[in-house]
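Read the structure below first, then the notes.
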Amino acid sequence: MGSSRLRAAGDWLEQRLGLRPLFEGSAGHLVPSNASSWWYVFGSATLVCLVMQIATGICLALVYVPSADQAWESLQHLDFEQPFGWYLRGLHYWGSNFMVALMTLHMIQVFLFGAYKYPRELTWLCGCLLFLCTLGLAFTGQVLRFDQNAYWGLGIGVSIMGRIPLLGESLTSLVLGGPILAAETLTRFFSLHVFVLPGLVITLVVLHLRMVLHNGINEFPTRGRGVDPETYDAEYAELIERTGEPFFPNAIHKDLLFSAVVIGSILACAAIFGPKLPNGPPDPTLIDTVPRPDFYFLALFSVFALLPPYMETFLIVYVMPVVVLALFAIPFVSRSGAKHPADRPVAVAGVVLVMTTVMTLAVLGLSSDWSPHMDAWKSVAVPVEMVEGRSPLELRGAAVLQAKQCRNCHALDGSGGKRGPDLGDVATRLTEDQLIRQVLQGGGNMPAYGKNLSPPEVAALVAFLRTLSPADAAIAQNSADPLGG
Amino acid sequence: MSDEPREPMPPPALPPVTRRSFLFKLGLGLNALAAALVAVPLIGYVISAVVQTRADQAWIPLGSIGDFPERQTRLATYRNPFRVAWDGTTADIPCWVRRVGGERFQVFAINCAHLGCPVRWFPQSGLFMCPCHGGVYYEDGRVASGPPPRGLFEYEYKVSQGSLWVRGGRVPTLSQTV
Ligand code: FES
């Protein structure tokens, strides 16, 4: 009796809402049974991150003040006074990290499984746009932290844009909202971060999902079987006919489990590591700062440090857009053929190559050895064994080495800047004449110190450097000198 | 199929203009016009930052020249001439002032010519060093080493009534120096 009443009530509602066809066309659509795979969980997990970002983002916007003179203070308030403020900031920060990471995994999986091939070219294109928009959200979000890193990070962004011929100047003003980074810059980025980009992302996600439903989820690839656009549609229809099952509730369990793990991880990371705190007020006159981007842009940051200078502008202005276009063009260039990764060694090698490069660059960016250690000259002492038993002249040289900021770029047995070579064994590599020449004239990425060192200082410095060699190593000698001379 | 001789086909006629189709087209046209009218102020509003309606540089005093000792380089700060009340600390722009001698100065932008990081002056070694990618400049702003493609950006300056003035107000980049 009770259940038939319930059914009647359900029917009554269904008659008015008409949800069943909607359900059958969406969550209940048929998927090939082999598409219920652990490999297929990254897309839905990215979507879950997006939902979390929207929820936490709306909450943060209730308190955050997007004004250049108060943004930083409002973050302090969020982090230390607002109940759960630090935790929501943590969730939003870690959510963004997870979203970028999962989206990347999703993209790699789609690429390796050949899922971008006929008839899913536009789905891939849409996904690429989503990727760019998400990175845009990551960058604009980093600016909203409006601290020293944000200020100088934007400065870096603007300098990059300034290298674009003809358009550079206009683009800079468009991004900054004027000729200089100021109040209007922050409100621009706020508007981009909370209105423009999320709106775009939501629209693109809808389109992306619509195409997934319309073309069907990619079947799990089979070795030796490729896509032939002539016959694919019929084959896919036949596969659905044979093995199709509704995504909800039959095939969704792995997505559900994985999403729960992802949410749990974000909650845990936010609880354990907390949010990324702003690193100092956005006061440009506080110049004792070493700007570093968030993780997703570290690889790019490294590229700019490691490229030979003559290639930089060329790479930024011409190569980067070509790389992005190439990403978009993949499904149109490789529209048919093998799908299984084992049949596509070049594709696999490409992914490995790209990911190794990006990760290596990012890890290098973490330590950024190319940056001078700006305080080493006054905070990193000369190791004791390098001054023990030295003559007064040599000790004077050690003092010159510190006072003239050499340590900012040169380490002594590992301590100090890493931009230049470690000087701990320099005596085994350079003769006295070579040392003098190098100090006075510079070269090989070292400034010339000729004008800023007096001859006695040079003599002392070189005398000290000549003592720097491991105990049993031979000292570099001028081969024209008589032995023992 | 019948064998009857068929009437010659009439030329394909345009669908007759009915009241309905006329109003449909009129409606489309009016809405397109309305959209264009809305777009003009919107686009104008957004790109007003690019289309320069006012000067983006102005003469700004940096202080009495007595504040800058001969043959030394000092950090100076000026307030952005085009600031708004809610700029906060971002309105204060630092720069390096080198008094070459007498009334001859060099005023350098704080931004590294490579990618804009703030360069620091080290009087002991007479060098500007950049914390980002290790660009180094000599005291006169020339590149000493590292990736910068040119020397430090230099402000135009003048000395008037015992004060040092610079022309500033925009962020220097390779496509538009200070
Ligand atoms: S920004 Fe100064 S060296 Fe790169």
Reported set for segment A:349-384 where residues are assigned to a loop (DSSP other than H, G, I, E, B) and either open to solvent by 70 Å² or more (accessible area, probe 1.4 Å) or within 14 Å of chain B (Cβ to nearest Cβ) (or both) is A:S368, A:D369, A:W370, A:S371, A:P372, A:H373, A:M374, A:D375, A:A381
Looking at segment A:405-416, is at least one residue open to solvent by 50 Å² or more (accessible area, probe 1.4 Å) and not in a loop (DSSP other than H, G, I, E, B)? no
Within segment B:100-124, work out how many residues are more than 15 Å from the ligand (Cβ to nearest atom) and more than 7 Å from chain A (Cβ to nearest Cβ). 9
Candidates A:G90, A:G114 - the one that is in the same structural domain as A:A237 (by TED's automatic domain parsing) and in a helix (DSSP H, G or I): A:G90
Selected residue [more than 22 Å from A:N445 (Cβ to Cβ), away from every other protein chain (no Cβ under 14 Å) and either within 16 Å of the ligand (Cβ to nearest atom) or assigned to a helix (DSSP H, G or I) (or both)] from A:V317, A:V346: A:V346
Please pick out the residue among A:L174, A:L105 that is out of contact with any Cys (no Cβ under 7 Å at 6 or more places or on another chain) and away from every other protein chain (no Cβ under 14 Å). A:L105
The listed residue being of a type outside the set (D, E, K, R), open to solvent by less than 10 Å² (accessible area, probe 1.4 Å) and facing chain A (nearest Cβ under 8 Å), out of B:L174, B:L127, B:L75, B:L164: B:L127
Any idea which of B:G27, B:G44 is within 14 Å of chain A (Cβ to nearest Cβ), in a helix (DSSP H, G or I) and away from the ligand (no atom under 16 Å from the Cβ)? B:G44
State which residue pairs qualify: first residue free of Cβ contacts under 8 Å to residues at least 60 places away in the same chain and inside segment B:121-144, second residue within 9 Å of the ligand (Cβ to nearest atom) and polar (S, T, N, Q) in any location, beta carbons under 9 Å apart, and separation of 6 or more residues or different chains. B:C130/A:S371; B:P131/A:S371; B:C132/A:S371; B:H133/A:S371; B:G134/A:S371
Quick one: which of A:L50, A:L60, A:L105, A:L75 is modelled with pLDDT of 95 or more, within 21 Å of A:K254 (Cβ to Cβ) and crowded, with 18+ Cβ neighbours inside 10 Å? A:L50
Which one is least open to solvent (accessible area, probe 1.4 Å) among residues in segment A:278-298 that are among the hydrophobic types (A, V, I, L, M, F, W, C) and away from the ligand (no atom under 16 Å from the Cβ)? A:L286
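The values are calculated or read from the model by the stated rules, or taken from the named source; none is laboratory data. Given the structure is predicted, the values throughout are model-derived calculations rather than measurements. Cβ coordinates were reconstructed from backbone atoms using ideal geometry, including for glycine residues, and neighbour counts include every protein chain displayed. These area figures cover heavy atoms from the full protein model, side chains too; ligands, DNA and RNA do not enter into them. Shrake-Rupley method; radii C 1.70, N 1.55, O 1.52, S 1.80 Å.
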